[in-house]
Amino acid sequence: MEFSRLWRRLAVIARAIEIAAGVVLVVLALRDVFDTVVVPGESRGALRVARRLLVVAVPIWKWTRRGKRAVSTSFAPAILMGSFFIWMGLLLLGFGLVAHGLRYSFSPSPDFLQALFIVGSALCTVGLSGIEAQGPARWALVLAGFSGLSVLTMAVTYLLEVQEGISRRDSGILKLTTAAGEPPSALGLLERYADLNSPEEIRRVLYGGRDWCASVLQSHASHPSLIYFRSASVGAGWPATLGAMMDLALILELLIDDPGSLAPAILLRSEGLRLIDELNRVVGLDPLVDDTTGASVPQLCARLAAAGYKLRPSIDALTFTERRRRHATCVQAAAEHLGTAAAPLLP
């Protein structure tokens, strides 16, 4: 008699623990989905599924590509879809534990696999289980259906946001590479506009570059998975485009005598530094060694003068080299991580 009573108490405690574990898992999964999709910035929850999946998948993906350095165009979409599958799997497991803990509220009482099928049917909002739920089990299935519908809705919304962010970023890359070459370079851009007899258009590039940096910072810092998205129509990655814009700003700031372009050049460089520092912090990258030397500055000045640009009376090659290293080391780290080219100073 005492043994059967003790056994029933242990069974009740085990079911309570099972239900509690399921509720905790569901809450953690929903919190991670909400932080990743809705809240701007990197998820700060306990799971951080997308972040952990990226950390594991990047080296494996590069290894499977047999020596190809670049992250393929299908990598980021695969990570995005994988994250949603993992979130749905965690919800399935969590609600499955809750349903199995409430198994006596179902008719007939299901085993664990049947409980998974019941909540899976509710998560997908299809209702094919054929098992009658009573009492608290009904509310568990209602919450499972609401959670599944919410995650699927957020998935569709997130995909639209991703496409919009990529479109804005890649339009700037395409415009720059059309004029500056592949990979883009500031010197190539300046020479191209000089050949077209439109050096004054460079100032518009500075303003447009600052807008591009602000747009990329807003979208990519809010949704870090965008950092890994590449478009098949864009050869150069965003690090090369950013590096070319930063070089252009530095050249107009220190080498070319154009007072009207000085302010937008300084502001573009500040915006670009903020962008690369923030995105590298999100990914966890440290600056790499840059091979910029003072010896390359005279060659750069000679080509600028040959293109028809008026140079400053006094040029400090050491200052130019030190300031370029400030952004080039960070751009090189991002380009190396993504397997893309960086912007060359002398194309």
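The values are calculated or read from the model by the stated rules, or taken from the named source; none is laboratory data. Just so it is clear, the structure is predicted and the values come from calculations on it, not from any experiment. Cβ: placed from backbone, ideal geometry, glycine included. Neighbour counts: every protein chain shown. Accessible surface areas use protein heavy atoms only, side chains included; no ligands, DNA or RNA. Shrake-Rupley method; radii C 1.70, N 1.55, O 1.52, S 1.80 Å.
Quick notes
- Within the stretch 248-265, not a single residue is open to solvent by 40 Å² or more (accessible area, probe 1.4 Å), at pLDDT 90 or above and closer than 30 Å to Arg51 by Cβ.
- A Cβ distance below 7 Å, combined with a sequence gap of six or more or placement on separate chains, defines the contacts here; from the stretch 279-304, residues that are more than 30 Å from Leu226 (Cβ to Cβ) and open to solvent by less than 70 Å² (accessible area, probe 1.4 Å) reach no residue that is assigned to a loop (DSSP other than H, G, I, E, B) and not aliphatic (A, V, I, L, M).
- Candidate set from the stretch 321-347 (those that are small (Gly, Ala, Ser) and open to solvent by 20 Å² or more (accessible area, probe 1.4 Å)); member that is farthest from Ser72 (Cα to Cα): Ala342
- The stretch 259-316, residues that are of a type in the set (Asp, Glu) and over 17 Å from Leu346 (Cα atoms): Glu271, Asp277, Glu278, Asp286, Asp316
- When the residues of the stretch 22-56 are filtered to those that are modelled with pLDDT of 85 or more, among the aliphatic types (A, V, I, L, M) and open to solvent by 50 Å² or more (accessible area, probe 1.4 Å), the one that is nearest to Leu152 (Cα to Cα) is Leu30.
- Residue among Ala244, Ala240 that is touching a residue at least 40 places away in the same chain (Cβ under 8 Å), in contact with a Ser or Thr (Cβ under 6 Å, 6 or more places away or on another chain) and either surrounded by fewer than 17 Cβ atoms within 10 Å (Cβ to Cβ) or within 16 Å of Ala333 (Cα to Cα) (or both): Ala244
For (1) charged (D, E, K, R); (2) at pLDDT 85 or above, each residue gets a yes or a no:
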site: Arg169; (1), (2): yes, yes
site: Asn197; (1), (2): no, yes
site: Ala221; (1), (2): no, no
site: Ile227; (1), (2): no, yes
site: Ala240; (1), (2): no, yes
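Yes or no, residue by residue, for (1) over 17 Å from Pro110 (Cβ atoms); (2) crowded, with 16+ Cβ neighbours inside 10 Å; (3) among the hydrophobic types (A, V, I, L, M, F, W, C):
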site: Ala122; (1), (2), (3): no, yes, yes
site: Glu132; (1), (2), (3): no, no, no
site: Ala137; (1), (2), (3): no, yes, yes
site: Leu141; (1), (2), (3): no, yes, yes
site: Phe146; (1), (2), (3): yes, no, yes
site: Val151; (1), (2), (3): yes, yes, yes
site: Met154; (1), (2), (3): yes, yes, yes
site: Tyr158; (1), (2), (3): yes, yes, no
site: Val162; (1), (2), (3): yes, yes, yes
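- Test: Leu318 is more than 27 Å from Leu275 (Cβ to Cβ) and open to solvent by 30 Å² or more (accessible area, probe 1.4 Å): no
- Residue within the stretch 190-201 that is assigned to a helix (DSSP H, G or I), touching a residue at least 60 places away in the same chain (Cβ under 8 Å), of a type in the set (Phe, Trp, Tyr) and surrounded by 14 or more Cβ atoms within 10 Å (Cβ to Cβ) present: no
- Residue match in the stretch 109-117 (condition: open to solvent by less than 30 Å² (accessible area, probe 1.4 Å) and modelled with pLDDT of 85 or more): yes
- Breaking point among (1) under 19 Å from the mean Cα position of the chain (by Cα); (2) within 25 Å of Gly208 (Cα to Cα); (3) assigned to a helix (DSSP H, G or I), for Arg230: (3)
- The residues listed here are Leu149, Leu176, Leu160; of these, the one that is part of a helix (DSSP H, G or I) and under 20 Å from Gly89 (Cα atoms) is Leu149.
- Within the stretch 12-39, residues that are more than 13 Å from Leu102 (Cα to Cα) and assigned to a helix (DSSP H, G or I) reach partners that are small (Gly, Ala, Ser) and at pLDDT 90 or above with beta carbons closer than 6 Å, at six or more positions or on different chains, in the pairs Leu25/Gly94; Val26/Gly94.
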